[in-house]
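**Q** Could you have a look at this structure, given as structure tokens, before my questions?
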Amino acid sequence: MTLNVVLCVANVLMVVAVVMEILCIGLPYWAWLEPGGGASRMWYGLWEICASVNNDVYVCRTYNAASLTHEDWLVAVGALEILALIVMAVALVCGLLAHCCLPHSPLLFIIAFALALFGAAVDLIAVIVYGAEFGSGNALDGSNLHASFYLALFAVVVALVAAILYVVSKPARTMKRLR
């Protein structure tokens, strides 16, 4: 069995995309707001809102506990991010199975490609919805978007590159059959 370097790179990229998805889902850094007047900076996540008190203590509360409404679009973005994470993780499993168990079967390569592409598309939809909805109806703009938003965006790019590499890494005899 020869080592398929392109498939290894695709699998490493999918691991990176999955880790970025886990971080962007869990961290409360999708957007920030500094009200001014000595008020503390606030960070908004998918599930909670956090504030630094006197630039010393970091306090986080879920939206319901902080007496804030959890907007429907924010719930939808969270659900889409979780779906993207699951789909990307399954794409990674298919890529790993294609690497170690069935390196000559085109089916796992095609499934890994389709799932990575679908995961990237779902993640992109979540990023677009968040970017469009955050700040609508108030004075905030895109300059208030923060690290988790950009992690999700980078996960889209990394998953797309991995999807392309899954197709490129298919065995050569498989490519002849598809022509």
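The values are calculated or read from the model by the stated rules, or taken from the named source; none is laboratory data. Not measured: the values here are computed from a predicted model. Cβ: placed from backbone, ideal geometry, glycine included. Neighbour counts: every protein chain shown.
**Q** Which of the following residues is in a helix (DSSP H, G or I), crowded, with 19+ Cβ neighbours inside 10 Å and either without any contact (Cβ under 8 Å) to a residue 24 or more places away in the chain or of a type in the set (Gly, Ala, Ser) (or both): 91, 114?
**A** That would be 91, the only listed residue that is in a helix (DSSP H, G or I), crowded, with 19+ Cβ neighbours inside 10 Å and either without any contact (Cβ under 8 Å) to a residue 24 or more places away in the chain or of a type in the set (Gly, Ala, Ser) (or both).
**Q** Mind listing whichever residues of the stretch 71-88 are loosely packed, with under 14 Cβ neighbours inside 10 Å and either part of a loop (DSSP other than H, G, I, E, B) or small (Gly, Ala, Ser) (or both)?
**A** Passing the criteria: 71, 79.
**Q** Looking at (1) surrounded by fewer than 21 Cβ atoms within 10 Å (Cβ to Cβ); (2) under 20 Å from residue 13 (Cβ atoms), find the lone condition where residue 53 falls short.
**A** (2)
**Q** Of these, 143, 136, which one is at pLDDT below 85, assigned to a helix (DSSP H, G or I) and surrounded by fewer than 22 Cβ atoms within 10 Å (Cβ to Cβ)? Full working, then the answer.
**A** Details: 136 fails: assigned to a helix (DSSP H, G or I).
Only one candidate passes the filter, namely 143.
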